[in-house]
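The values are calculated or read from the model by the stated rules, or taken from the named source; none is laboratory data. Computed from a prediction, not measured in an experiment: that's the story for all the values here. No Cβ is skipped: glycine too gets one built from the backbone with ideal geometry, and neighbour counts run over all protein chains shown. Surface accessibility is based on the protein's heavy atoms, side chains included, excluding ligands, DNA and RNA. Shrake-Rupley method; radii C 1.70, N 1.55, O 1.52, S 1.80 Å.
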Amino acid sequence: MPWLPDDFIHPARVDVADGYHLRPIRAADVDLDYPAVMGSRDRLWSIFGEAWGWPPATMTYEQDLEDLARHEAEIEAHQSFNYALFNADETALLGCVYVDPPEKTGADAEVSWWVIDRYTGVGLERTLDEFVPRWINDSWPFERPRYVGRDLSWQDWLALPDLT
C-alpha cells in the first residue's frame with residue numbers, strides 16, 4: 001500500500017519565517033549542503049549516526065553529491081522527502097527536514113530535522129521546532145506522523161518493532 005495518495009502534490013516551497021524557507025533538495029545544492037553537513041558533522045552523527053550511519057566522518061563531496069541525487073530522485077518518485085532549509089536568497093543551507101515513510105510500527109510517516117550548529121538552541125531551531133509539526137499537519141495527508149528525535153528519542157525509535 002502506498003504511503004501517499006496517488007494525487008498528492010508535495011509542496012515545492014514553504015515559507016518558514018523571517019525570510020527562511022524550505023524546498024526539496026537537489027543535487028545542485030551540494031556546494032551549500034556539503035559545508036553545512038560537514039561543519040556540523042559531529043553533532044549530526046550524534047543524532048543520526050546510529051540509526052542512519054550518517055554523516056560519516058570520511059564523506060566526500062562526491063559522496064554527498066550522490067546522496068543528494070538519490071534524495072532528488074526519491075522526491076520525484078514520492079518515496080521520501082528531504083527539504084533543505086535556506087536563507088532568503090539561497091546562499092546558505094541551514095538545515096534539513098526529512099519526511100519519510102515509516103520504518104517502524106505505529107506511524108504513517110517519520111519526520112526529523114536539523115539545523116547547522118550555529119543555530120542550535122536559538123531562534124531558528126526553535127522556529128523550526130514549532131513550524132514543522134504544524135506544516136506536516138496542515139500540508140501532508142498523515143494521520144499519525146512520528147517526530148523522531150522530538151516525540152521520542154532516536155534510541156526509543158530504534159527499539160520499536162520494524163514494519164513487516
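Where both partners of a DSSP beta bridge lie in the chain, what percent of those bridges are antiparallel, to the nearest 5?
Bridges in the chain that DSSP calls antiparallel: roughly 85 percent.
Please work out the average accessible area per residue across the chain, using the 1.4 Å probe convention, and give it in Å².
It amounts to 51 Å² per residue over the chain.
Under the Karplus relation 6.51 cos²θ - 1.76 cosθ + 1.60, θ = phi - 60°, what is the ordered set of whole-Hz ³J(HN,Hα) values for region 82-95, x standing for Gly and Pro?
Once θ is set to phi - 60°, the couplings for region 82-95 become 10, 9, 7, 9, 10, 6, 4, 9, 6, 9, 9, 9, 10, x Hz.
Do you know the relative contact order of region 1-102, to the nearest whole percent, from alpha carbon pairs under 8 angstrom that are 6+ apart? Intermediate results must be reported in sequence, preceding the final value.
On the way: 127 pairs, mean separation 30.9, N = 102.
The value is 30 percent.
Around Gly39, with a cut-off of 9 angstrom between Cβ atoms, what is the net charge of the other residues, counting Lys and Arg +1 and Asp and Glu -1?
On the way: positive: Arg41, Arg118; negative: Asp117.
That sum, taken over residues with Cβ under 9 Å, equals +1.
So, how do all the Cα-to-Cα distances of region 37-119 break down into 10 Å bins, in percent, from 0 on up?
Taking every Cα pair in region 37-119, the percentages come to 16, 48, 33, 4.
So how much accessible area does Tyr20 have, in Å² to the nearest 10, using a 1.4 Å probe?
Taking all protein chains as shown, Tyr20 has close to 50 Å².
Need one value: the accessible area of Asp15 in square angstrom, 1.4 angstrom probe, rounded to the nearest 10.
100 Å²
Report the residues of region 1-38 in range of a label on Glu143: point 7 Å along Cα→C-beta, backbone N strictly under 17 Å from it.
Answer for region 1-38: 1-6.
Which three extents, in whole angstrom, do the alpha-carbon atoms of the chain cover along their principal axes, largest first?
37, 31, 31
With labels modelled as points extended 7 Å from the Cα through the Cβ direction, what inter-label distance (nm, one decimal) is found for Ala73 paired with Asp108?
Distance between the two pseudo-spin positions: 2.9 nm.
Give me the accessible area of Ser153, 1.4 Å probe, in Å² rounded to the nearest 10.
50 Å²
Could you state, as a whole-number percent, how many of the C-alpha pairs of region 11-76 are farther apart than 20 Å?
Tail of the P(r) past 20 Å holds 36 percent of the pairs.
Place a +1 charge on the Cβ of each Lys and Arg in region 124-164 and a -1 charge on the Cβ of each Asp and Glu, then give the dipole magnitude about the Cα centre in debye, rounded to the nearest 20.
Magnitude of the dipole: close to 40 debye.
For the chain, set up a GNM with springs between Cα atoms under 10 Å and report which of Gly95, Gly123, Gly49 has the largest fluctuation.
Residue with maximal mean-square fluctuation among Gly95, Gly123, Gly49: Gly123.
Between Trp3 and Gln155, what is 0.36 nm times their sequence separation minus the Cα-Cα distance? Round to one decimal in nm.
Extra length from Trp3 to Gln155 when fully extended: 52.3 nm.
Ignoring ligands, DNA and RNA, what percent of the 1.4 Å accessible area of region 44-148 is carbon and sulfur?
Of all accessible area on region 44-148, carbon and sulfur atoms account for 48 percent.
Express in whole angstrom the spacing between the alpha-carbon centres of region 12-42 and region 99-145.
When both Cα centres are located, 15 Å separates them.
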